[in-house]
Amino acid sequence: MHDLTSPTWIKVKGLLFLIIGIIAAVFLYLDNPGWKTALLLALAIWSFCRFYYFAFYVIEKYVDPACKFSGLISFVKYLLQQRRH
């Protein structure tokens with residue numbers, strides 16, 4: 001499989017991720033409406049966003065500039081390799 005390089009299709013892909021996330025969040029909330037569900041859903045979304053930022057920006061810029069991750073699997077492999085050393 002080739003890497004996605006078209007700026008237009010990269011933007012479409014990002015928009016689709018946003019739409020999927022919004023639909024999933026709405027369905028989760030509608031399944032069990034209430035302030036607790038809304039708060040936990042918001043906290044989960046925020047935490048996953050921060051983890052993604054950590055995995056792809058903080059590690060690369062501040063911990064190990066030689067590392068470039070192509071995805072979360074390569075990030076996990078990096079963590080496992082660091083653990084062995």
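Remarks
- Selection status of residue 22, in contact (Cβ under 8 Å) with a residue 12 or more places away in the chain and part of a helix (DSSP H, G or I): no
- The set of residues in region 61-85 being surrounded by 10 or more Cβ atoms within 10 Å (Cβ to Cβ), hydrophobic (A, V, I, L, M, F, W, C), part of a helix (DSSP H, G or I) and over 11 Å from the mean Cα position of the chain (by Cα) consists of 63, 75, 76, 79.
- In region 32-75, the residues that are in contact with a helix residue (DSSP H, G or I) (Cβ under 9 Å, 6 or more places away or on another chain), closer than 27 Å to residue 4 by Cβ and of a type in the set (Val, Ile, Thr): 45, 59
- Count of region 26-60 residues which are surrounded by fewer than 10 Cβ atoms within 10 Å (Cβ to Cβ) and in a helix (DSSP H, G or I): 5
- Complete set of residues in region 1-19 that are open to solvent by less than 100 Å² (accessible area, probe 1.4 Å) and not in a helix (DSSP H, G or I): 4, 6
The values are calculated or read from the model by the stated rules, or taken from the named source; none is laboratory data. As the structure is a computational prediction, the values presented were derived from the model and not from experiment. Every residue, glycine among them, receives a Cβ derived from its backbone with ideal geometry; neighbour counts consider all protein chains shown. Side chains included, ligands, DNA and RNA excluded: accessible areas come from the protein's heavy atoms. Shrake-Rupley method; radii C 1.70, N 1.55, O 1.52, S 1.80 Å.
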